[in-house]
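Participant: Okay, handing you the structure first.
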Amino acid sequence: MSSFRNFTFSIIGIAHSCYKEKFGIPRQPGLVTEATARIELIAPYNRLDTLEGLEQFSHIWVQFVFHACINEKWKAKVRPPRLGGKEKLGVFATRATHRPNPIGLSVIKLGKIYQEEKKVFIDLHGADLLDGTPIIDIKPYLPYADSIPNAQGGFAPSPSPVMDVHFSPLANQQCEDYKALHNRDIATLIKQIVQQDPRPSYLAGQIDREHGTSIWDINVKWCARHDHMEILYLETMDT
Ligand code: SAM
């Protein structure tokens, strides 16, 4: 038997992201294009020369640790939300967060690479990463090898359909105030998040129930109506 059964990896960076809790994060990258995040490289990898040449690519593979569920057990069969929580599949046939090695893999649009007060950052667009996510590797996305146009998509052949999203007059005003203060298009971010219907399968039928999703320094209150999602109001969180 091989002696190579256990390996130790070191974290190369930490993601700082608009998503302050798991609830609301899209199930894959690229679905919420307005979401912003940046990876801060940590010592001894916090050097610009480790990234030299990466700026030639539009997208990168990011490997990370599902650190927020590291203490929860994995199961051989899981219920993908995509199947309405009704059907079980083998864990390795899914992108479930609870897996024997809790490693996530996302292809993400690359933004600016820069140094700020001796720290090295990589801007990301449309990431599906929780704030504080430990990053274990970054690689360039190679379209000729990584994109397979006729590949079969199993139980998830295309993105899920999105819901209509309406803003209450109060939420609308709060988004405008937020934009004026922080120069962030929070309304588009909220719309893109809520239109994915982030509710877990067991709550999917529930109408008019208030949900809260934490992004940046606000908690967005929203609920599902019969044929659309409604953004109710925004609450500022203590940071
Ligand atoms: N694209 C990745 C993959 O396929 O490995 C992640 C897919 S996973 C289904 C996406 C979910 O991971 C998000 O909805 C979010 O709730 C969760 N997530 C993101 N960062 C996490 C973290 N650091 N710890 C635990 N869960 C996380």
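Participant: Return a yes/no flag: does segment 199-215 have any residue that is assigned to a helix (DSSP H, G or I), touching a Phe, Trp or Tyr at 6+ places or on another chain (Cβ under 7 Å) and within 16 Å of Ser160 (Cβ to Cβ).
Facilitator: no
Participant: Pick out the one residue from Cys223, Cys175 that is more than 23 Å from Leu83 (Cβ to Cβ), modelled with pLDDT of 95 or more and not in a helix (DSSP H, G or I).
Facilitator: Going through Cys223, Cys175 in turn, just one is more than 23 Å from Leu83 (Cβ to Cβ), modelled with pLDDT of 95 or more and not in a helix (DSSP H, G or I): Cys223.
Participant: In segment 19-39, what count of residues is obtained for those that are away from the ligand (no atom under 12 Å from the Cβ) and either without any contact (Cβ under 8 Å) to a residue 40 or more places away in the chain or buried (at least 16 other Cβ atoms within 10 Å of the Cβ) (or both)?
Facilitator: Of the residues in segment 19-39, 4 are away from the ligand (no atom under 12 Å from the Cβ) and either without any contact (Cβ under 8 Å) to a residue 40 or more places away in the chain or buried (at least 16 other Cβ atoms within 10 Å of the Cβ) (or both).
Participant: Of the residues Val65, Val78, Val107, which is within 16 Å of the ligand (Cβ to nearest atom) and either in the same structural domain as Ala204 (by TED's automatic domain parsing) or free of Cβ contacts under 8 Å to residues at least 60 places away in the same chain (or both)?
Facilitator: On inspection, the qualifying residue turns out to be Val78.
Residue-wise test of (1) surrounded by 16 or more Cβ atoms within 10 Å (Cβ to Cβ); (2) among the polar types (S, T, N, Q); (3) over 21 Å from Leu130 (Cβ atoms).
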| position | (1), (2), (3) |
| --- | --- |
| Gly153 | no, no, yes |
| Pro169 | no, no, yes |
| Asp177 | no, no, yes |
| Ala187 | yes, no, yes |
| Ile193 | yes, no, no |
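Participant: Give the number of residues within segment 68-118 that are closer than 19 Å to Asp49 by Cα and surrounded by 12 or more Cβ atoms within 10 Å (Cβ to Cβ).
Facilitator: Within segment 68-118, residues that are closer than 19 Å to Asp49 by Cα and surrounded by 12 or more Cβ atoms within 10 Å (Cβ to Cβ) number 5.
Participant: Take the residues of segment 199-211 that are surrounded by fewer than 16 Cβ atoms within 10 Å (Cβ to Cβ) and not hydrophobic (A, V, I, L, M, F, W, C): which is nearest to the chain's Cα centre (by Cα)?
Facilitator: Selected residue: Pro200.
The values are calculated or read from the model by the stated rules, or taken from the named source; none is laboratory data. Here the structure is a predicted model, which means the values were calculated and not measured. Here Cβ is always computed from backbone atoms with ideal geometry, including for glycine, and neighbour counts include all displayed protein chains.
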